[in-house]
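Engineer: Pasting a structure below so you can have a look.
The values are calculated or read from the model by the stated rules, or taken from the named source; none is laboratory data. As the structure is a prediction and not an experimental result, all values here were calculated from the model. Ideal geometry is used to build each Cβ from the backbone, glycine not excepted, and the neighbour counts take in all protein chains shown.
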């Protein structure tokens, strides 16, 4: 399977953005899906022409910085983020970690290093090696419910469904009964939105639509318009089947 290499550049310095664009376009296999100076423009581009990787300047000129921009892009599609940083304050570097960046590049950029980091980030992402650095966050999330916090093992999550400002977490039966022994199996209702949960998960999770996140490792079958996870049948939105299949290890004849 050929790795897609569509790059979104988020940089408010027009000269630097143009220099990066021209340089990357010369690199075989790299396609630019757009250049954005701010969060709003980046989100608009991402919705029209989803990127496979975002190259983001941390210190954009307000009101939203590069970290806020990365968070919004990750709500649309889970992709690797490479930050461009200058004299970045320590507190901003700590916030960047919450978006699980694939790399940090110091300005002025060295283009050969940029090529290498893009290749590594996309390769690791496509190989499902792009994971959060904190092993506790990988294994278990504590999510607020009406009865306190539920400690949910992320590998046992089947899919997540948005419910306005809340979320419904569907887990395996064994995980549900571990958390709620003796109760009837149902979705776990948590009082945070789906995007907030999604940002804490690994690349094993895929944003199928604005209202559904699925765990790729639990898919049992896919047909032309549906996928199946255990006993759940989930419609595949128009235009998302190709992106979904590209995230799976498919053996073609």
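Engineer: Could you tell me whether any residue of the range 61-80 is more than 24 Å from residue 194 (Cβ to Cβ), in contact with a helix residue (DSSP H, G or I) (Cβ under 6 Å, 6 or more places away or on another chain) and surrounded by 15 or more Cβ atoms within 10 Å (Cβ to Cβ)?
Structural biologist: no
Engineer: Residues of the range 176-206 being at pLDDT 95 or above and in contact with a helix residue (DSSP H, G or I) (Cβ under 6 Å, 6 or more places away or on another chain), which ones?
Structural biologist: Listed by number, the list holds a single entry, 185.
Engineer: Step by step: first the residues of the range 40-71, then only those that are in a helix (DSSP H, G or I) and farther than 24 Å from residue 239 by Cβ, then the one that is farthest from the chain's Cα centre (by Cα). Which residue is that?
Structural biologist: In the first step, residues of the range 40-71 are kept if they are in a helix (DSSP H, G or I); the result is 40-48, 66-71.
Within this subset, residues satisfying the condition of being farther than 24 Å from residue 239 by Cβ are 66-68.
Working: 66: 15, 67: 13, 68: 14 Å.
If we take residues in the range 40-71 being in a helix (DSSP H, G or I) and farther than 24 Å from residue 239 by Cβ, then 66 is farthest from the chain's Cα centre (by Cα).
Engineer: Let me ask you something else. What is the one condition in (1) in a helix (DSSP H, G or I); (2) modelled with pLDDT of 90 or more; (3) closer than 27 Å to residue 208 by Cβ that residue 32 does not satisfy?
Structural biologist: (1)
Engineer: Let me ask something else. Wholly within the range 136-253, which strands (runs of 3 or more DSSP E) include no fewer than the required count, namely at least 2 residues that are more than 21 Å from residue 47 (Cβ to Cβ)? Let's see the steps before the verdict.
Structural biologist: Working: elements: 140-145, 148-153, 157-163, 166-171, 188-190, 205-209, 212-215, 219-222, 226-229, 232-235.
In the range 136-253, the matching strands (runs of 3 or more DSSP E) lie at 140-145, 148-153, 157-163, 166-171, 188-190, 219-222, 226-229, 232-235.
Engineer: Here is a list of conditions, (1) over 16 Å from the mean Cα position of the chain (by Cα); (2) surrounded by fewer than 16 Cβ atoms within 10 Å (Cβ to Cβ); (3) farther than 23 Å from residue 97 by Cα, and residue 151 meets all of them except one; can you say which number that is?
Structural biologist: The single condition residue 151 does not satisfy is (3).
Engineer: For the range 237-247, does any single residue satisfy the condition of being modelled with pLDDT of 90 or more, buried (at least 18 other Cβ atoms within 10 Å of the Cβ) and touching a strand residue (DSSP E or B) at 6+ places or on another chain (Cβ under 6 Å)?
Structural biologist: No; the residues of the range 237-247 include none that is modelled with pLDDT of 90 or more, buried (at least 18 other Cβ atoms within 10 Å of the Cβ) and touching a strand residue (DSSP E or B) at 6+ places or on another chain (Cβ under 6 Å).
Engineer: Before we move on, is residue 215 surrounded by 14 or more Cβ atoms within 10 Å (Cβ to Cβ) and either modelled with pLDDT of 95 or more or farther than 16 Å from residue 74 by Cβ (or both)?
Structural biologist: yes
Engineer: Checking residue 17 against (1) farther than 23 Å from residue 120 by Cα; (2) crowded, with 16+ Cβ neighbours inside 10 Å, which test does it fail?
Structural biologist: (1)
Engineer: Something else now. Please indicate, with yes or no, whether at least one residue in the range 79-90 is assigned to a strand (DSSP E or B) and either more than 16 Å from the chain's Cα centre (by Cα) or at pLDDT below 85 (or both).
Structural biologist: Keep residues of the range 79-90 that are assigned to a strand (DSSP E or B), which gives 81-85.
Then drop every residue that is not either more than 16 Å from the chain's Cα centre (by Cα) or at pLDDT below 85 (or both), which leaves 84-85.
There is at least one residue in the range 79-90 that is assigned to a strand (DSSP E or B) and either more than 16 Å from the chain's Cα centre (by Cα) or at pLDDT below 85 (or both).
Engineer: Tell me, yes or no, whether the range 33-40 has at least one residue that is surrounded by fewer than 16 Cβ atoms within 10 Å (Cβ to Cβ), touching a residue at least 24 places away in the same chain (Cβ under 8 Å) and touching a helix residue (DSSP H, G or I) at 6+ places or on another chain (Cβ under 8 Å).
Structural biologist: No, there is no match, as no residue in the range 33-40 is surrounded by fewer than 16 Cβ atoms within 10 Å (Cβ to Cβ), touching a residue at least 24 places away in the same chain (Cβ under 8 Å) and touching a helix residue (DSSP H, G or I) at 6+ places or on another chain (Cβ under 8 Å).
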